[in-house]
Amino acid sequence: MRNDFKIGILQVCVVVKDVEKAVRNLEELLGIGPFAIYVVDSKDMPGVTYRGQAGDYRVKVAMTKVGGGVIELIENQRGSNIYTEFLERHGEGIHHIGLITDDFESAFKNFEGRGLEPSLDGPIVGKSTGRFTYFDTEPRMGGILELLDVPADVLEKWGFESTRPTQQTRS
């Protein structure tokens, strides 16, 4: 199976029990920030699915740009999701790597064609609508991958100029 899309790492995400505490710790330890903190509620995002069913959760998210990417922190506030699954199995820690691609649909089909199933999926809303999809890659790779199609205005808000990844994938 040939990959005709480019892919790059946009973010590393850590699941935490308390976003504000984690932000303070990272600011003190690494001197990074400021963090943008906001709440994401699946009730405000029609089309979110969790393991193939309608998603019903709320998370608090903190993000800051570091170097060429983002550190994202996620605290679950309500409902079951892949973040609560992770906390139950592992406790706090690195949850996933967010990958950005120049061709979301081709990358998505490639992941599915290799037997990977989406675990959490939904829209990213900006001036246009993008998409996020987490794939069940932990048993196969030891970690979770999130595939991202981020609208240009959202990337700009996060401090990025382009959606273009620089790394060509290998077939």
(request) Enumerate the calculated ³J(HN,Hα) couplings along the range 143-157 in order (Karplus 6.51 cos²θ - 1.76 cosθ + 1.60, θ = phi - 60°), each rounded to whole Hz, writing x wherever the residue is Gly or Pro. (result) x, 9, 10, 10, 9, 10, 10, 9, x, 4, 5, 6, 4, 4, 4
(message) With a 1.4 Å probe and all protein chains left in place, how much accessible area per residue does the range 74-143 have, in Å²?
(response) 49 Å²
(message) Once neighbouring chains are kept in place and the probe is 1.4 Å, which whole percent of the accessible area of the range 61-142 is contributed by carbon and sulfur?
(response) 49 percent
(request) Take the eigenvalues of the Cα gyration tensor for the range 45-84, scale each by 5, and report the square roots as semi-axes in whole Å, largest first. (result) 24, 12, 8
(message) Shape verdict for the range 89-144, please, from the Cα gyration tensor: rounded (a/c under 1.5), prolate (a/b greater than b/c) or oblate.
(response) oblate
(message) Treating only the Cβ of Lys, Arg, Asp and Glu as charged (+1, +1, -1, -1), what charge dipole size does the chain show about its Cα centre? Round to the nearest 20 debye.
(response) 160 debye
(message) Greater than 27 Å separation of Cα atoms is the criterion. Which listed pairs, K21/K127; K60/K127; K6/K127; K65/K109; K21/K157; K21/K109, meet it?
(response) K21/K127; K65/K109; K21/K109
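Just the accessible area per residue of the range 1-58, please: how many Å² with a 1.4 Å probe?
63 Å²
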(request) Could you pull out every residue, at least 5 positions away or on a different chain, whose amide H is within less than 5 Å of the one on E72? Hs are placed 1.01 Å off N in the peptide plane, and Pro or chain starts have none. (result) V12, C13, V14
(message) Here are labelled values, [x] 23, 18, 13; [y] 41, 18, 12; [z] 24, 20, 16, and one is the computed semi-axes √(5λ) of the Cα gyration tensor in Å for what I pasted. Which one?
(response) [z]
(request) For the chain, set up a Gaussian network in which alpha carbons nearer than 10 Å are linked by springs, and say which option among R89, R58, R24 fluctuates the most. (result) R89
(request) Quote to one decimal, in nm, the extra length available between R140 and E88 on full extension: 0.36 nm per residue of separation minus the C-alpha distance between them. (result) 16.8 nm
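The values are calculated or read from the model by the stated rules, or taken from the named source; none is laboratory data. The structure presented is a predicted model; accordingly, all values stated were derived computationally and were not measured. Methodologically, a virtual Cβ is constructed for each residue, glycine included, from the backbone with ideal geometry; neighbour enumeration extends over all protein chains shown. Surface accessibility is based on the protein's heavy atoms, side chains included, excluding ligands, DNA and RNA. Shrake-Rupley method; radii C 1.70, N 1.55, O 1.52, S 1.80 Å.
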